[in-house]
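**Q** I'd like to ask you about the structure that follows.
Here, each number is a calculation from the coordinates, and none is a lab measurement. On a predicted model such as this, the values are computed, not experimentally measured, just so you know. Using ideal geometry, Cβ is built from the backbone for each residue, glycine included, and neighbour counts are taken over all protein chains shown.
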Amino acid sequence: MKHLLVVLLLAVARIAVAADEDGFVPLFNGRDLTGWVNANCAPETWSVREGKIFCTGQPVGALRTTRQYENFILEVEWRHLQSGGNSGVFIWGTPISAPGVPFLRGIEVQVLDHGYATNYEKQNGKKSDWFTTHGDVFPIHGATMIPLGRHKGSRSFPSEDRSKGVGEWNHYRIVCNNGSLRLHVNGKEVSGGDDCNYRKGYLALESEGAPIEFRNVRIKETPSGNPAPELVAPLDPGWQNLFTGLDLRGWRTNAATATRWTAGGRIGLKEGAANSDATLWTAKEYGDAELLFDCSPAKPAAGKEIVPPAVFVRGQEGKGAEVKLTSVVPGRYQRVVVHLQGRELVVKINDKETQKETLPAGTPARGAFGLRDTGAGMSLMNLHARDL
């Protein structure tokens, strides 16, 4: 009788485990990155190594899901491979980075190694009062959230220190429902927030300076709360990343571009004499298409006129139709979208239409996009294009 009772208890336990796992599906197949999009990193930043997602940490950027999620339970295991490593899991994110930064807009679930806090204390002579290394949750770059428990600003601090150090695996369980988020670190709920905006969007893993591994990434979706349109992140219209964040792969370069342009986190144009041979052309040619980038022109020296940035469209054999971006303001990043359909060209800056023109007759139907060397310094980031 006692033996039968033990057998029954074991059977009930197995059923309970199966029920707990029912509905979970893997987001990572253990072989390749099917189902994920490299949002703004180099091709080698994200890879699969021994059944785990491996990230080099360079450059800063994200690997995101191909589709959006709203209400769900997300589980992921992670371990830092370097003391002081920094990373994150993004919830309800945008398809590409927010303007002027390499990060998606969304809610970040912090993935930070204890060495980061140790280094901060050594440098400042005291512990930080604005972050922990055990599971902070906070909105970034336009997202909003009401933090739970102990917090500073909109950053929710964990109620208990539960994460393990470098080289050890940690388990996150992130429960999201109708704009509320709860983070469980290694088996216990510790932090979160309510009234999140967005509350439907992409999920992402972050690259931020140090190598890290992820495994056992899985999700269980729960019924939709039918969020209002303004609470849903924009859908990806098909943007293709044009900048690795490290170098100028994907662009046609030569001896002239090497002296005028720099790359590393951002693409920079040096102040100096313009060189017509130093135009940066995309390796790919486009017909009807859109070009998107964030542009921050340098402020001109006192007494000098502002030289507006300029791009070429439908370029062939080193020539193209020039578009001067006369509404871009020096000293800050602005998001520029150049929309080209047939011969009709529209420029939007920060979502506002600023130019509309018709390309000259005889302009080729296809060609490369080009970044012109105007002689005026500027910084560019988040470069993307898409076919229409």
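**Q** Return one number: the angle in degrees, 0 to 90 and rounded to the nearest 10, between the long axis of the Cα atoms of helix 114-124 and the longest principal axis of the Cα atoms of the chain.
**A** Taking Cα atoms only, the helix is inclined about 60 degrees.
**Q** Any number yet on Rg/Rh for region 180-225, C-alpha, Kirkwood?
**A** Values: Rg = 13.3 Å, Rh = 13.6 Å.
Here the Rg-to-Rh quotient is 0.98.
**Q** What list of ³J(HN,Hα) couplings, whole Hz, do you get for region 209-218 from phi and the Karplus terms 6.51, -1.76, 1.60, once you set θ to phi - 60° and write x for glycine and proline?
**A** x, 8, x, 8, 10, 10, 8, 6, 8, 8
**Q** Could I ask something else about it? With loop defined by DSSP as not H, G, I, E or B, and exposure as at most 11 other Cβ atoms within 10 Å, which is the longest segment of the chain clear of exposed trypsin sites (Lys or Arg not before Pro)?
**A** Values: sites that count: Arg31, Lys126, Lys127, Lys304.
With a cap of 11 other Cβ atoms within 10 Å, the longest stretch comes to 128-303.
**Q** Pairwise over distinct Cα atoms, reciprocal of the mean inverse distance: report the Kirkwood radius of the chain in Å, one decimal place.
**A** Values: mean 1/r = 0.0435 Å⁻¹.
One decimal place: 23.0 Å for the Kirkwood radius.
**Q** Continuing with this model, one more query. If you line up the long axis of helix 2-21 against the longest principal axis of the chain, both from Cα atoms, how many degrees apart are they, to the nearest 10?
**A** Approximately 20 degrees, to the nearest ten.
**Q** If you don't mind, another one. Express in % the proportion of alpha carbon pairs of region 251-387 at distances exceeding 24 Å. Present the calculation step by step, with values, prior to reporting the outcome.
**A** Working: 2299 of 9316 pairs.
Across region 251-387, Cα pairs with separations above 24 Å total 25 percent.
**Q** Give the whole-number value, in cubic angstrom per residue, of the convex hull volume spanned by the C-alpha atoms of region 167-309. Each step should come with its number before you reach the end.
**A** On the way: hull volume 34.5 nm³, N = 143.
Value for region 167-309: 241 Å³ per residue.
**Q** Right, next: Could you calculate the contour length gain from Arg215 to Ile146, that is, 0.36 nm times the residue separation minus the distance between their Cα atoms, to one decimal place in nm?
**A** Length gained, Arg215 through Ile146: 21.9 nm.
**Q** Next up: Computed FRET efficiency, Cβ-Cβ of Gln355 and Asp22, R0 51 Å: what is it to the nearest 0.05? List each step's numbers first, then the result.
**A** Working: r = 55 Å, r/R0 = 1.07.
Calculated transfer efficiency: 0.40.
**Q** Per residue of region 313-319, what does 6.51 cos²θ - 1.76 cosθ + 1.60 with θ = phi - 60° give for ³J(HN,Hα)? Whole Hz please, x for Gly and Pro, Karplus curve as stated.
**A** 10, 6, x, 8, 6, x, 9
**Q** Let me ask something additional. Size of the dipole of region 219-337 about the Cα centre, Lys and Arg at +1 and Asp and Glu at -1 on the beta carbon, nothing else charged, in debye to 20? Let's see the in-between values first.
**A** On the way: 14 positive and 13 negative charges, 84 e Å.
Using Cβ point charges on Lys, Arg, Asp and Glu, region 219-337 gives about 400 debye.
**Q** Across region 22-37, in residue order, what do the Karplus-derived ³J(HN,Hα) couplings come to in whole Hz, using 6.51 cos²θ - 1.76 cosθ + 1.60 with θ = phi - 60° and x for Gly and Pro?
**A** Here the 3J(HN,Hα) series is 4, x, 6, 10, x, 9, 9, 7, x, 10, 8, 9, 4, x, 10, 10 Hz.
**Q** Let me ask something else about it. Determine, for Trp36, Trp251, Trp130, Trp92, the number of other Cβ atoms within 10 Å of each Cβ, and report the residues in order from fewest to most.
**A** Working: Trp36 20, Trp251 24, Trp130 10, Trp92 30.
The fewest-first ordering by Cβ neighbours comes to Trp130, Trp36, Trp251, Trp92.
**Q** Quick one: if you take sqrt(5λ) for each eigenvalue of the C-alpha gyration tensor of region 21-234, what semi-axes come out, biggest first, whole angstrom? Mind showing how you got there, number by number?
**A** Numbers: eigenvalues 108, 89, 57 Å².
Values for region 21-234, descending: 23, 21, 17 Å.
**Q** Give the relative contact order (percent, whole number) for region 251-387; include only Cα pairs under 8 Å separated by 6+ residues.
**A** Details: 329 pairs, mean separation 51.9, N = 137.
Answer for region 251-387 is 38 percent.
**Q** Loop only per DSSP, at most 13 neighbouring Cβ atoms within 10 Å: give me the chymotrypsin sites (Phe, Trp or Tyr not before Pro) in region 172-230, ordered by residue number. If you can, show how the numbers build up before the last one.
**A** Details: sites: Tyr172, Tyr198, Tyr202, Phe214; in loops: Tyr198.
In loop regions of region 172-230 (DSSP not H, G, I, E or B), there are no sparsely surrounded chymotrypsin sites (Phe, Trp or Tyr not before Pro).
**Q** Report Rg (one decimal) and Dmax (nearest whole number) for region 57-178, counting Cα atoms only, units Å.
**A** 14.6, 44
**Q** How big is the charge dipole of region 326-388 about its Cα centre, in debye rounded to the nearest 20, if each Lys and Arg gets +1 on its Cβ and each Asp and Glu gets -1 on its Cβ? Before the final figure, lay out the partial values.
**A** Working: 9 positive and 6 negative charges, 18 e Å.
For this selection, approximately 80 debye.
**Q** Further, regarding this structure: Stick to the Cα atoms of region 325-388, pair each with every other, and give me the Kirkwood hydrodynamic radius in Å at one decimal.
**A** Numbers: mean 1/r = 0.0740 Å⁻¹.
Final number for the Kirkwood radius of region 325-388 is 13.5 Å.
**Q** Shifting gears a bit: Cross-chain or 8 or more residues apart, Cα under 22 Å: how many lysine pairs in region 251-387 fit that? Count them up, please.
**A** Qualifying lysine pairs in region 251-387: 14.
**Q** Also: Can you compute the label reach from Ser154? Point 7 Å from Cα along the Cβ direction, backbone N cut-off under 13 Å, restricted to region 180-206.
**A** 193-199
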